[in-house]
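The values are calculated or read from the model by the stated rules, or taken from the named source; none is laboratory data. For clarity, every value in this text was computed on a predicted model and none was experimentally measured. Cβ coordinates were reconstructed from backbone atoms using ideal geometry, including for glycine residues, and neighbour counts include every protein chain displayed. Remember, those area values only see protein heavy atoms, side chains included, never the ligands or the DNA or RNA. Shrake-Rupley method; radii C 1.70, N 1.55, O 1.52, S 1.80 Å.
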Amino acid sequence: MKHLLTLEQLSKEEILEILNLADQLKFQRNNNIEHHLLKGKTLGMVFQKSSTRTRVSFEVGMYELGGYALFLSSRDLQIGRGEPVEDTARVLSRYLDGIMIRTYKQSEVEDLAKYGSIPVINALTDYCHPCQVLADLMTIREFKGGFDGLKATFIGDGFNMANSIIVGCLKLGMRVSIASPKGYEICEHIQEFAKQYPGMFEMTNDPMVAAKGADVVFTDVWASMGEEQEAEVRRKAFEGKYQVNEELMAVCNEGCMVQHCLPAHRGEEITADVFEAHANEIFEEAENRLHAQKAVMVKLMKD
Ligand code: CP
Ligand code: NVA
């Protein structure tokens, strides 16, 4: 593993290795055991979109590993004024030991990896959010004890979160169902990926069908970053149906978990009641971003 660009590129074994290391790092942190595995290493964090969790967890994570993280907003970088990614990649590779990037196009992340000579970590594109789903998988294992026989359901937009959830959960042996409104389904590429798992994947427009017998329910916002101008059109397509609420939870298996990458819009993709009833799982998921990303950085950047 040279980069973390998508979850497709990781084997099941590589994902499990990351989760095992993340569990170990969480234990060490909770027990005040020093774990300066990246002493003296530097991570550049390029942000072309907003962030709370990703920015803070990467920065704190790098500090806890004995390294240093630089916040690089695209507003300040020359990349924001049109400097090509190929040049930025070659320059940053001469200063840093790793780059984390949050941007729009997946191709920009791929180009950074192609032209640079240091590990690149995808911290969200329009296509996927692998760091988030590693934390989600860690959380599922923590609450459920494993993955075999479990069913994961995603309710909502067939966008970055849906894509990574489908890939990550199928790879680890879970069944996956997704319900999206017409016109907001997952892309062909992910549908093709899912064909490698016959009988394990279901795609529908009906949330109640998708949620039946679920052990973990995921959702995400109706309008993602960069889609703000579509918010009203999207609201009309999602409202009244594509919501994680008590009625939907009633058809899931007993003890079904809820996961939300956050930020959450109560009253839209999830009701306040369901959110609060599952707040423990959702905020553990947010915490696990720290541990999972520390594991990714160690795997990629440790000598
Ligand atoms: N879940 C997530 O990536 O959160 P941020 O946008 O706050 O980083
Ligand atoms: N789908 C959301 C995820 C935020 C973490 C977005 O891209 O804005």
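Could we say that K151 is of a type in the set (K, R), at pLDDT 95 or above and surrounded by 14 or more Cβ atoms within 10 Å (Cβ to Cβ) here? Yes, satisfied.
For the range 160-179, which residues satisfy the criterion of being under 21 Å from A231 (Cβ atoms), within 14 Å of ligand 2 (Cβ to nearest atom) and in contact with a strand residue (DSSP E or B) (Cβ under 8 Å, 6 or more places away or on another chain)? Within the range 160-179, M161, A162 meet the criteria. Close contacts from the range 18-41, counting a first residue that is under 14 Å from L65 (Cα atoms) and a second that is open to solvent by 20 Å² or more (accessible area, probe 1.4 Å) and of a type outside the set (V, I, T), with Cβ to Cβ under 6 Å and a gap of 6+ residues or different chains, come to H35/Q28; H36/G66; L37/K302; L38/G66; K39/G66; K41/D97.
Checking each residue in the range 136-159 for being among the small types (G, A, S) and more than 16 Å from ligand 2 (Cβ to nearest atom) picks out G145, G146, G149, A152. A Cβ distance below 9 Å, combined with a sequence gap of six or more or placement on separate chains, defines the contacts here; from the range 240-265, residues that are over 14 Å from T153 (Cα atoms) reach residues that are among the β-branched types (V, I, T) and open to solvent by 20 Å² or more (accessible area, probe 1.4 Å) in the pairs E246/T271; L262/T52; P263/T52. The set of residues in the range 201-213 being surrounded by fewer than 18 Cβ atoms within 10 Å (Cβ to Cβ) and either over 21 Å from the mean Cα position of the chain (by Cα) or modelled with pLDDT under 95 (or both) consists of T204, N205, D206, M208, V209, K212, G213. Among the residues of the range 121-172, those that are outside any helix (DSSP H, G or I), polar (S, T, N, Q) and either closer than 23 Å to L21 by Cβ or within 13 Å of ligand 1 (Cβ to nearest atom) (or both) comprise N122, T125. Return the residue satisfying two criteria in turn: it lies in the range 204-217 and is in contact with a helix residue (DSSP H, G or I) (Cβ under 7 Å, 6 or more places away or on another chain) and not acidic (D, E), and of such residues it is nearest to N160 (Cα to Cα). Across the range 204-217, the extreme among qualifying residues is V217. Given the residues A179, A194, which is the only one that is under 21 Å from L5 (Cβ atoms), in contact with a helix residue (DSSP H, G or I) (Cβ under 7 Å, 6 or more places away or on another chain), open to solvent by less than 10 Å² (accessible area, probe 1.4 Å) and not acidic (D, E)? Among A179, A194, only A194 is under 21 Å from L5 (Cβ atoms), in contact with a helix residue (DSSP H, G or I) (Cβ under 7 Å, 6 or more places away or on another chain), open to solvent by less than 10 Å² (accessible area, probe 1.4 Å) and not acidic (D, E). None of E232, E268 is free of Cβ contacts under 8 Å to residues at least 60 places away in the same chain and open to solvent by 80 Å² or more (accessible area, probe 1.4 Å) except E232. Across the range 54-79, which residue is farthest from ligand 2 (Cβ to nearest atom) among those that are touching a helix residue (DSSP H, G or I) at 6+ places or on another chain (Cβ under 9 Å), in a helix (DSSP H, G or I) and not polar (S, T, N, Q)? So, considering only residues that are touching a helix residue (DSSP H, G or I) at 6+ places or on another chain (Cβ under 9 Å), in a helix (DSSP H, G or I) and not polar (S, T, N, Q), the one farthest from ligand 2 (Cβ to nearest atom) is E64.
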